[in-house]
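Notes for the one structure printed next.
The values are calculated or read from the model by the stated rules, or taken from the named source; none is laboratory data. Worth saying up front: this structure is predicted, and the values here are computed from it rather than measured. Every residue, glycine as well, gets a Cβ built from its backbone with ideal geometry; the counts of neighbours run over all protein chains shown. Ligands, DNA and RNA are stripped out before the accessible areas are found, and what is left, the full protein with its side chains, is counted by its heavy atoms. Shrake-Rupley method; radii C 1.70, N 1.55, O 1.52, S 1.80 Å.
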Amino acid sequence: MMKRIINKAIIALIITSSSTVFAQSGANNDLDEKVRKFLKETSGQWYDMNIPASDGQLLYDIIVKNNYKSALEIGTSTGHSGVWIAWALSKTGGKLITIDIDESRHKTAVENFKKAGLSDYIDARLADAHKLVKELKGPFDFVFSDADKDWYKNYFIDVDPKLKEGGCFTAHNISDRGGRGGYGGQAEFLSYIKSLPNYVTTVNSNGGGVSISYKKSGK
């Protein structure tokens, strides 16, 4: 119970501080208010493989700061991360393609996007990401990977040629303790992307752990 109260307090702080930034930037106040209200009402309810609010704010900040407009999310779950990403894209004039293979989660996410007022900024697809990521043409300037961890490296390899120079590839549930990147697929992915000379990678250890990799050049 105490943890849930603390999480709600953190979410309230994030939303309150964000509202000041939005007011200063001349954002769409009606949409902002609707999204803030949605996040406040649903705080503490994102149990089904969703990210914490602090990671949502991190993704939001990356997109807005870099004016990214073409985003891909691998692993929608029920839509918490998609709400934060699409909210940021509403500021840049961009759009998100998000993929999930589970029909129940997909339907719940679509409903959540509608309730948040962000449907116009999201192309939610019910599909096998192992196949669809290969088929998508792109280009993308922002990617968030939060699906099956053992496939992280494969997702990245498939997306890399479609990621613009200056773009950012992020992945969830990454730890960089001891430089190992966690375990299993996460460790394999982090070791691989850190070995690439055309990417600069850091790991944000707060929240659920997010790797942030900026593409400096094509090769």
Taking the stretch 40-88, which residues are open to solvent by 10 Å² or more (accessible area, probe 1.4 Å), among the hydroxyl-bearing types (Ser, Thr, Tyr) and part of a helix (DSSP H, G or I)? Thr42, Ser54, Tyr60
Give the residue, chosen from Asp102, Asp150, that is within 22 Å of Gly209 (Cα to Cα), among the acidic types (Asp, Glu) and surrounded by fewer than 17 Cβ atoms within 10 Å (Cβ to Cβ). Asp150
Going by what's in this entry, would Thr92 be described as open to solvent by 10 Å² or more (accessible area, probe 1.4 Å), under 22 Å from Lys215 (Cβ atoms) and among the β-branched types (Val, Ile, Thr)? yes
Which residue out of Val159, Val143 is of a type in the set (A, V, I, L, M), at pLDDT 95 or above, under 14 Å from the mean Cα position of the chain (by Cα) and under 17 Å from Ile62 (Cβ atoms)? Val143
Would you pick out the residues in the stretch 76-128 that are acidic (Asp, Glu) and more than 20 Å from Leu31 (Cα to Cα)? Asp100, Asp102, Glu103, Asp128
